[in-house]
Structures are given as C-alpha cells and as structure tokens.
1. Restricting to region 84-106, give me the number of residues that are exposed (fewer than 14 other Cβ atoms within 10 Å of the Cβ) and either among the aromatic types (F, W, Y) or assigned to a loop (DSSP other than H, G, I, E, B) (or both).
2. Can you tell which of K116, K163, K123 is in a helix (DSSP H, G or I) and among the basic types (K, R)?
3. For A74, state whether it is farther than 28 Å from Q134 by Cα, touching a residue at least 12 places away in the same chain (Cβ under 8 Å) and either in contact with a helix residue (DSSP H, G or I) (Cβ under 9 Å, 6 or more places away or on another chain) or not charged (D, E, K, R) (or both).
4. Being surrounded by 14 or more Cβ atoms within 10 Å (Cβ to Cβ) and of a type in the set (D, E, K, R) is the filter here, so list the residues in region 243-264 that pass it.
5. Are there any pairs with C-beta distances below 8 angstrom linking a residue in region 192-208 that is more than 15 Å from Y268 (Cβ to Cβ) to a residue that is aliphatic (A, V, I, L, M) and in a helix (DSSP H, G or I), with the two at least 6 apart or on different chains, and if so which?
6. Show the residue pairs that are 6+ apart or on different chains and have beta-carbon atoms under 8 Å apart, the first residue being within region 221-232 and in the same structural domain as L256 (by TED's automatic domain parsing), the second being part of a loop (DSSP other than H, G, I, E, B) and exposed (fewer than 15 other Cβ atoms within 10 Å of the Cβ).
7. Take the residues in region 70-83 that are under 20 Å from K150 (Cβ atoms) and at pLDDT 75 or above; name whichever of them is surrounded by the fewest Cβ atoms within 10 Å (Cβ to Cβ).
8. When residues of region 402-415 are filtered for being crowded, with 19+ Cβ neighbours inside 10 Å and either over 18 Å from V300 (Cα atoms) or modelled with pLDDT under 85 (or both), how many remain?
Amino acid sequence: MARPTFKKNKVDAAFLAGLAEIKRVGRYEIVKKLGQGASGVVYLARDPYIKRNVAVKIAKPDSNRGRERFFVEAQSAGRLNHPNIVAVHDVGEYKDFCYLTMEYVEGPTLEGFCNKNNLMTLKQCLETVFTTCQGLDYAHQQNVIHRDIKPTNIMLDKSGAAKIADFGIAQMTGQTSEAGMWGTPGYMSPEQIKDETLAANCDIFSVGCVLYELLCGHPAFPGENEYSIIYKVTNEDPEPIENLRPGLPRLLQGILGRAFQKDPGKRYQTCQEMACDLRMVLRVLMDQAPEKIETIVDFVHSVSFFRNFTQDQVRHLVAVGTILKAEKGQIILTEGEIDDTFYVLLGGKASICKGGRCIAAVRAGEVFGEMAYIAGQARIASVVAETDCMLMRISATLLDKAPKGIQLLFFKNFATTLVQRLSKKTDADQGV
C-alpha cells in the first residue's frame, strides 16, 4: 500500500508570536486563550455590542488556497442552525490573520471521557452519541460533510448536550475535495484514507470510532504510527467491545459493526438510522430488561397491520415509535389540529367522531390519523377511546427517514385500509 499524503495545517512559532499581545480582533475584545490546535488558536472573547461571550478562532493561512479553506469552515458551519452544532456568528480578516467568531461552549470536549478511569455512564454515552447523530444528520441534509469527527471536535455544554465543532475541513456534498488525505487517521473512514469520492456516511464511520472509544476508553484502531493505524482502518475490524468492557448490551456490537463497514454501501446510510438504533438501546436500558423489548416486538408483530413486516422491521418501528395507553373516554386526536403523527391501534376499540357524531369505529390492527400525514392537512375528525386502548404512535418525520422497505409497507397498508373503509361506506350507503 502506497504511503498516503497527510494534509496538516501547522501553527508555527512566528504566528504565535504575532498573537502574543493581541487585545482585540475586529470588534471582539480578547479575554484569554482557550487553546490551540493544528488549524489555529482559539480565544475567549467578548462582543461589546451584544454583550455576550464568544469563541474566536484565529489562523494564519500559508497560501491563498489555505485562506480559501479557512473560509470554507465559515461557509459550511455558517449555514447550519442546529442545537447540536456550534453556531458561527461572524468571519473576517485581521492583519495577516483570518478569524472566525463562534458560539462559546462552556464545557469540555469528549476527549476527557475516552479514558478507562473517567468513562461516562452508559446512558450518558449513548445520549451524547445520539444527539451527535442528530446534529450530523441535519448537517448532511444541508449537504455538509464534516470529515473530521473525533472526540476533540465534540463538546458538551453546561446541560450535557453535545455540540459538534470545527468544520475546518468540511466538504459540500457533490463537490470535489482537494487532493490528499484530510482528517485524523484513527477516526477516518476507509474511503477517506483511499482519497475516494465521499458520501455523507463517511462521518458515520467516524461516529462509530467515537462511540467505541467512549464505551471502552480505548481507540477502535490503535497503532504505533499513522501508517499502522490506516492499515487497520482499511483491513481489520476493531476488537469486540465485550472483550474490553464485558456486560455491555449486545445490541451495541451490532450498531458498531454496521457503522464500521468498510464498504459505505453496507454502512448506515444516514445518521438518523444509527440514532434510531441507539434509541432502541436506550429504551432497553430504561426498561432494565433486555428481553422486554423482544416481548413488545413479538406482540406488535402479531397485530394484523404489521404481519407483512419482518421481525427486524418491527423492531426498528418499536425503537422509533411510541407505545402508549389511552383510557376509556380519552380523546386521542382532535378535529382541526395540525400534527404529523398517526396511530396504529394495537388493542381495544376507538370511535371516529365528526361534528360531535360518531361516524365509524376503529379496531385493533387498524390505523388512523394517516390521512393528515398523506394529505398534509389538519385533522378532519376526532378519535376517542371507546375502551381502554393500546396504541403505537409514529411520527411522520421519523417514517420519512425509515428504510424504504418499511415506508413501502406502510403505504401498501394505508391503501388497504382506505379500500376497506370505502367498501364499508358503500355497503352502509346501500343498506347492506
């Protein structure tokens, strides 16, 4: 294997010397230095106009191309507005330097939690990676690929929420990236190392590396140098997590296995898919009974609406949907409301009411509320629990992100439901 060309920015002594006495950049008053990395120095600063603290990243590009790369970070991150992504406020030039003004996150990076002696709780670890996936999924929807997801680029704010930082080597989907290997070898996908065309799910491989390290306090692909690391990334699988930390839920090994697929086509295709599987593990943890979720899956699979789904498809729906109960007389849906959810009745009986009059009944195995999702309109009727009911509530947003096979089955069953309703209405009109 030919040795790759690593692309790295360097913070040289002359650059640091030029910042030694810096007091202000643009309108921002420098308070103190927070740290420095390969691409620049970060300061805590004060915006005197808005009266808020900000983080200011200052770099000195070594070429016109380097200057362009710096502004790519502003263009990439600046178009993103998500609670799990560090917000970019401003960008500019100061003397020979470029600067980027960002949201100040008063909290640590994940690096300190990748230590066997300072691991997060399992619940906190999964919630952190789950919210990281949410932020990345949003970035990918905006056609931004991060390309450098690693523990030092994910921060925790005071509430413990994840914040993705440093879009300095981000790439817009569909654009040709600069030749050479950009990123950090221990967290790069095989296709990054091979300098191949990237899809958004190259970031998912990196998220898998972060999750592995948070769980075990050990890198997924350790090595004595960059070349031994990239050999493992492209040719080997990480040691099973159960060898390093016995007792972890078995589902986690499956999630990591899918995130670590060398072939991008076999990997999770979206961060939302990975987030759904992480949510499943979180539910198992909350129930404190791994077998309980399988009992729920078996029960849901037995309901007529889901019988043409596979067991794995139902397991996915149990993870992303919400199973709830409605007491007799409870209003489940209200006529005129705008919502993006629909329901499958798992048990019990409900009534569809319009204008204060009950016009139809819903029984176990039937769906309701789906027309508002399909037509994108307000509810045209109310639904009231006629008996105690058990329901599965599904968000249309999550269904839109579900695998295509699941979506097709839903629309097939929606069509069947509609035909059955029209048939019943025709029979009633004819007095049958």
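1. Number of matching residues: 3.
2. One residue alone meets the criteria, K123.
3. No.
4. R245, R258, K262
5. Pairs that qualify, where the first residue is more than 15 Å from Y268 (Cβ to Cβ) and the partner is aliphatic (A, V, I, L, M) and in a helix (DSSP H, G or I), are I193/I230; I193/V233.
6. As it stands, the answer is F221/E236; Y227/R3; I229/P222; Y231/M1; K232/P222, since those pairs meet every condition given.
7. Of the residues in region 70-83, the ones under 20 Å from K150 (Cβ atoms) are 70, 72-73, 76-77, 80, 82.
Pick out the ones that are also at pLDDT 75 or above and you get 80, 82.
Numbers: L80: 20, H82: 18.
Within region 70-83, the match that is surrounded by the fewest Cβ atoms within 10 Å (Cβ to Cβ) is H82.
8. Result for region 402-415: 1.
The values are calculated or read from the model by the stated rules, or taken from the named source; none is laboratory data. None of the values given here were measured: they were computed from a predicted structure. Positions of Cβ are backbone-derived with ideal geometry, glycine not excepted, and every protein chain shown enters the neighbour counts.
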